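This report refers to the structure that appears directly beneath it.
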Amino acid sequence: MCTGTVSSQSTILLGLGHGKFTLVSDKNQKMNINEQNELKITVVGLGYVGLPLALALARKFSVIGYDADPMRISELMANKDRTGEVSAAKLLDTPIKFVSELSKTPSCDLFIVAVPTPIDDKNKPNLHALEKASREVGGCLSLGSVVVYESTVFPGATEDICGPILEEASGLNCGEDFYLGYSPERINPGDKDHAIDSVTKVVAGQTQEVTKLLASVYGTVIPAGIYVAPNIRTAEAAKVIENAQRDINIAFINEVTMIFHHLGLNTEDVLAAARTKWNFLDFRPGLVGGHCIGVDPYYLAYAAEKEEFKPEIILAGRRINDGMARYLAEEIDRLVVDRSRLLVMGLTFKENVSDLRNSQVIEVVRILMKKNHYVHVFDPVASSDDVKAICGLSLLPKLDSEERFDAVIGAVAHQEICDIPLESIKNLIKPRGVLVDVKQVWPSIKATETLRVWRL
Ligand SMILES: NC(=O)c1ccc[n+]([C@@H]2O[C@H](COP(=O)([O-])OP(=O)(O)OC[C@H]3O[C@@H](n4cnc5c(N)ncnc54)[C@H](O)[C@@H]3O)[C@@H](O)[C@H]2O)c1
């Protein structure tokens, strides 16, 4: 593992052998890159991953930020980041040149691709954005360019899918005229403790020189340090198993939670007791949504199935977690009478982010509405326009102290929801109504004669 700079004694030619840059000597490599500020980087895809990365790189290098969505570019140029990850002050300060057309940008040495890699309706990898971005980048490559992928993919995608597209679009040879790299992103949006600066960055290049270049470039802007993986496929695999492992662990806890409900046991009490063992893994039950944990295991399963290996536990975990929205909606339905007025608090896929993609809370709301309940949704973090566009729901603009509901469902533990006084929460519920606490939002609220409490 090397941190910050490359430890090898060899020399490295930025631009990789075609004379674009001066030869940079080993021990001063990091300093030279910084001082010369010669490396030109284009970040392709400026979402949750690409934008914070572009900002970090722009502290030391010349950076162009390209996004295919012109609206995103206009917003960024107006210092607005709708993901909430980067402040207006930081955007105002950054020297990044934001563009919505890649072909019009000046030539550049290093491309970093961070576009979405979702799944299709059959849970197979949807590589449309990745392939399109590769074609566009391919059209801009020159001798010695390096293309690094940060999008989450299955092992082999960078070299077997992106490489040939880049070759075709550029007319250049991969591994001779231009080079590939992979560096998985591990940030945790909404979590200031696990942002780009504070998480070790895994890098791998197609050749040793590329790996060293990447370790140096990323090491210059990521104080947490660099881990050099032996090759691109290993780095790709490491990323997908990180999220698949998390998915499986949550699925296990979700399964035992359902068992405890059948046995009449309180899940949190059982987990609190089990956690006192030194090697018990501390996972909590819940809805698994978003575009990483609920998606990446399918990428791994796809890679396995391509090799005619049938994964068991990975897909079992997905089945359990994908079934949790229905389980929860049916439990809520059992607790209330027909046509109840329900208040769901929190709609995004996780706490303190505005991201609604694959939010399983939306699925819970849909099922409850199909069961003819009147479902109201309050989410102080989500954008009401996005909610309308994604699921056709109107968010309550604020909580009305005169309103009463048959059930209040704490679905997402946004800080702003946790900060609402407990008495105000209890006052929202009709006598003999029920508080459904999915995420331990209100652990201290206890059942009384007039209040029922159900926890996942
Ligand atoms: N968000 C996370 O927490 C997270 C964490 C680790 C890894 N990842 C992975 O990183 C990748 C990006 O995720 P994200 O959350 O930043 O996505 P995002 O949707 O927030 O951002 C992607 C951006 O790429 C743009 N885009 C789409 N196609 C493009 C193209 N062809 N050319 C240029 N721009 C294009 C979109 O307009 C969007 O602004 C995905 O593979 C994801 O799995 C995400």
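Some notes on this structure:
Here is a yes/no grid of residues against (1) within 16 Å of the ligand (Cβ to nearest atom); (2) not aliphatic (A, V, I, L, M):
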{"site": "Leu356", "(1), (2)": "yes, no"}
{"site": "Ser359", "(1), (2)": "yes, yes"}
{"site": "Ser394", "(1), (2)": "no, yes"}
{"site": "Ser401", "(1), (2)": "no, yes"}
{"site": "Ser424", "(1), (2)": "no, yes"}
{"site": "Gly433", "(1), (2)": "no, yes"}
{"site": "Asp437", "(1), (2)": "no, yes"}
{"site": "Thr448", "(1), (2)": "no, yes"}
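- Residues that are part of a helix (DSSP H, G or I), more than 8 Å from the ligand (Cβ to nearest atom) and either farther than 26 Å from Leu172 by Cβ or among the acidic types (Asp, Glu) (or both), drawn from the range 110-136: Glu131
- Test: residue in the range 287-305 that is in contact (Cβ under 8 Å) with a residue 60 or more places away in the chain, touching a helix residue (DSSP H, G or I) at 6+ places or on another chain (Cβ under 6 Å) and farther than 26 Å from Phe154 by Cβ: no
Conditions (1) surrounded by fewer than 14 Cβ atoms within 10 Å (Cβ to Cβ); (2) out of contact with any strand residue (DSSP E or B) (no Cβ under 7 Å at 6 or more places or on another chain); (3) modelled with pLDDT of 90 or more, marked per residue:
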residue: Ile12; (1), (2), (3): no, no, no
residue: His18; (1), (2), (3): yes, yes, no
residue: Val24; (1), (2), (3): no, no, no
residue: Asn28; (1), (2), (3): yes, yes, no
residue: Ile41; (1), (2), (3): no, no, yes
residue: Tyr48; (1), (2), (3): no, yes, yes
residue: Ala54; (1), (2), (3): no, no, yes
residue: Met71; (1), (2), (3): yes, yes, yes
residue: Ala88; (1), (2), (3): yes, yes, yes
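- Selection from the range 132-157 of residues that are surrounded by 15 or more Cβ atoms within 10 Å (Cβ to Cβ) and closer than 20 Å to Leu51 by Cα: Ala133, Ser134, Glu136, Val137, Val146, Val147, Val148, Tyr149, Glu150, Ser151, Thr152, Val153
- Leading residue by the ranking (nearest to the ligand (Cβ to nearest atom)) among those in the range 237-259 that are hydrophobic (A, V, I, L, M, F, W, C) and in contact with an Asp or Glu (Cβ under 9 Å, 6 or more places away or on another chain): Val240
- Verdict on Leu343 being more than 29 Å from Cys391 (Cα to Cα) and either in the same structural domain as Ala407 (by TED's automatic domain parsing) or part of a helix (DSSP H, G or I) (or both): no
- Set side by side, the residues Val381, Val353, Val377 differ, and just one is closer than 29 Å to Asp191 by Cβ and in a strand (DSSP E or B), which is Val377.
- Qualifying residue in the range 114-131 (condition: closer than 21 Å to Val217 by Cβ, surrounded by 23 or more Cβ atoms within 10 Å (Cβ to Cβ), touching a Gly at 6+ places or on another chain (Cβ under 8 Å) and modelled with pLDDT of 95 or more): yes
- Of the residues making up the range 44-74, just one is among the hydroxyl-bearing types (Ser, Thr, Tyr) and in a loop (DSSP other than H, G, I, E, B), namely Tyr48.
- Cβ separations smaller than 7 Å between residues 6+ apart or across chains give the following pairs from the range 400-417 residues that are assigned to a loop (DSSP other than H, G, I, E, B) to residues that are acidic (Asp, Glu): Val412/Glu351; Ala413/Glu351; His414/Glu351.
- Among the criteria (1) surrounded by 22 or more Cβ atoms within 10 Å (Cβ to Cβ); (2) farther than 18 Å from Asn231 by Cβ, the one Leu172 does not fulfil is (1).
- Answer residue from the range 171-223, given it is more than 17 Å from Glu85 (Cα to Cα) and among the basic types (Lys, Arg) and is farthest from the ligand (Cβ to nearest atom) among those: Lys212
- Unmet criterion (only one of (1) closer than 26 Å to Val49 by Cα; (2) out of contact with any helix residue (DSSP H, G or I) (no Cβ under 8 Å at 6 or more places or on another chain); (3) not β-branched (Val, Ile, Thr)) for Leu335: (1)
- Single match in Ser107, Ser100, Ser62 (criterion: within 14 Å of the ligand (Cβ to nearest atom), of a type in the set (S, T, N, Q) and either at pLDDT 95 or above or over 30 Å from Ile314 (Cβ atoms) (or both)): Ser100
- Considering (1) at pLDDT below 95; (2) surrounded by 19 or more Cβ atoms within 10 Å (Cβ to Cβ), the lone condition that Val364 does not fulfil carries the number (1).
- Just so you know, in the range 271-302 the residues that are assigned to a helix (DSSP H, G or I) and closer than 15 Å to Pro118 by Cα include one that is nearest to the ligand (Cβ to nearest atom), and it is Asp296.
- Of the residues making up the range 270-295, those that are exposed (fewer than 11 other Cβ atoms within 10 Å of the Cβ) and farther than 26 Å from Gly190 by Cβ are Ala273, Thr276, Lys277, Trp278, Asn279.
- Residues satisfying the stated conditions in the range 65-84, i.e. of a type outside the set (A, V, I, L, M, F, W, C) and within 9 Å of the ligand (Cβ to nearest atom): Tyr66, Asp67, Asp69, Arg72, Thr83
- When each of Lys239, Lys212 is tested for being of a type in the set (D, E, K, R) and more than 26 Å from the chain's Cα centre (by Cα), the lone residue that passes is Lys212.
- Residues in the range 215-236 that are under 23 Å from the mean Cα position of the chain (by Cα) and small (Gly, Ala, Ser): Ala215, Gly219, Ala224, Gly225, Ala229, Ala235.
The values are calculated or read from the model by the stated rules, or taken from the named source; none is laboratory data. Remember, predicted model here, so these are calculated numbers, not experimental data. Note: ideal-geometry Cβ built from the backbone for every residue, glycine included; neighbour counts use all protein chains shown.
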